[in-house]
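Below is one structure, written out as structure tokens, with a few remarks after it.
Coordinate-derived values only; no laboratory data. The model shown is predicted, which means the values in this text are computed figures rather than measured ones. Every residue, glycine as well, gets a Cβ built from its backbone with ideal geometry; the counts of neighbours run over all protein chains shown.
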Amino acid sequence: MRITLWGTRGSLATPGPETVRYGGNTSCVEVRGADGTFLVLDAGTGIRRLGATLGPEVERVHLLLTHLHMDHIQGLGFFKPLDQPGQEVHIWGPPSTTLDLRARLARYLSPPLFPVRLRDLPCRLTLHDVPLGDFEIGGLKITAALVCHPGPTVGYRITENAMSIAYLPDHEPALGAHHFLGEADWTSGFDLARGVDLLIHDAQYAAAEYPEHVGWGHSAIPHTLGFAAAAGVKRLVTFHHDPGHTDLVLDRLIEEARQSSDLLFQLIPGAEGASFEFGG
Amino acid sequence: MPQKDVEVILMRQLASYLAMPIFLVDMAGNLLFYNEPAETLLGRRYEETGEMSLEEWSTIFKPTAEDGSPLPPEALPLVIALQKYQPAHRTFWIRGLDGISRRIAATAFPLEGQGGRHLGAVTIFWEANHP
Ligand SMILES: [Zn+2]
Ligand SMILES: [Zn+2]
């Protein structure tokens, strides 16, 4: 399984000289299975560059959306495979309690927000209300579960043979917890992240910024570290960086995180372009 | 233990902040949580009670009808909400684990999650004034 980060920024694309190292594009991660299965996690602005690298060898594209906040779908209309006649594309994402994924996505992919309607795209598009629980895409086992974030939002766990990753870009497991981290079975997202080789997780705020943002659906870095440690992950990639966090601020926050405790996992600051390969 | 569904986690967190007594059970009727205001009426701290089966909690508080006759579990609003999947309300008597009898009014409702998943049921109850 090979994982590549195409967008690591949270909330709003933040290009500029002060964000070149960690990147300014919003959430998008590529996952390639050993058998060639091709998944894309979220369609933030990073998905445009990913699409530009794809050649005709990709038979089938599976795009897994965690939720429909703008920073996770904004790149959708600029993803090359959607514009290619006959290209097979599957989009998976959470329905709401009253609308299916198609109706929810059409609110963005239709005028006046976007000139092309979902139904007018030339590719062979199939939309799937993402099932909660386990399902398979090619050689990959996917587990989707609802997690704590405003509006229907899922996290994903992806397993290939003995290797697993978890993707929780927007997640506030500390919401309403009197003591974080409390009991594991009462912690949102815990089963998805339990023991994974690589956890890609929301790390939007510095500790001091969190009290002003309780209920916004994101984690402070100390929450992310505590969650990763309790879940027993091997590597943590910090993700969904706050638009206000420049490269220098992120360097400092990561350094503080490294010094805050003896980390039981490898801490990897999520930078656009980073790639991870797991055998097996 | 497998992780609880996020709706159940959020329900417990909400209950822990509210001032109304709240009692939360899972799909099988096992007690998952009651909050501090409920502790006052039930006469024991949740930390001391822990998780209980439906058979236990539906009898341990000795529920009785207004006329003094014992109430079977299936007459309790929370059990109705859980088993019939509909809201239910009733005024009845319970005896707390502190030995004190209290007249309570209980409103129970089923918890339905995203995708129509049955997650359990919740009851909110108040000490009711004597008639
Ligand atoms: Zn986001
Ligand atoms: Zn979001």
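See the values below:
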read-out	value
Which numbered condition residue A:165 misses (of (1) surrounded by 13 or more Cβ atoms within 10 Å (Cβ to Cβ); (2) more than 13 Å from chain B (Cβ to nearest Cβ); (3) without any contact (Cβ under 8 Å) to a residue 24 or more places away in the chain)	(3)
Out of A:21, A:60, sole residue that is over 23 Å from residue A:250 (Cα atoms), more than 16 Å from ligand 1 (Cβ to nearest atom) and charged (D, E, K, R)	A:60
Conditions (1) within 16 Å of ligand 2 (Cβ to nearest atom); (2) more than 21 Å from residue A:46 (Cα to Cα): number failed by residue A:68	(2)
Extreme residue, nearest to ligand 2 (Cβ to nearest atom), among residues of the range A:19-49 that are of a type in the set (A, V, I, L, M, F, W, C) and more than 17 Å from residue A:165 (Cβ to Cβ)	A:43
Subset of the range A:92-108 that is touching a Lys or Arg at 6+ places or on another chain (Cβ under 9 Å) and either within 14 Å of chain B (Cβ to nearest Cβ) or part of a loop (DSSP other than H, G, I, E, B) (or both) - its residue that is surrounded by the most Cβ atoms within 10 Å (Cβ to Cβ)	A:93
Residue that is surrounded by the fewest Cβ atoms within 10 Å (Cβ to Cβ), among those in the range B:111-129 that are away from chain A (no Cβ under 14 Å) and farther than 16 Å from residue B:31 by Cβ	B:129
Hits in the range A:133-158 (condition: away from every other protein chain (no Cβ under 14 Å) and assigned to a strand (DSSP E or B))	A:136, A:137, A:140, A:141, A:142, A:156, A:158
Subset of the range A:3-18 that is in contact with a Ser or Thr (Cβ under 6 Å, 6 or more places away or on another chain) and more than 15 Å from ligand 2 (Cβ to nearest atom) - its residue that is nearest to the other protein chains (Cβ to nearest Cβ)	A:4
Options B:65, B:81: the member that is under 13 Å from residue B:29 (Cβ atoms) and touching a residue at least 24 places away in the same chain (Cβ under 8 Å)	B:81
Which listed residue, of A:218, A:223, A:240, is crowded, with 16+ Cβ neighbours inside 10 Å and at positive phi	A:240
Helices (runs of 4 or more DSSP H) (entirely within the range B:25-131) containing at least 2 residues that are over 19 Å from residue B:12 (Cβ atoms)	B:54-60, B:77-84
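Residue-wise test of (1) within 16 Å of ligand 2 (Cβ to nearest atom); (2) within 14 Å of chain B (Cβ to nearest Cβ).
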residue	(1), (2)
A:110	no, no
A:117	no, no
A:122	no, no
A:126	no, no
A:131	no, yes
A:169	yes, no
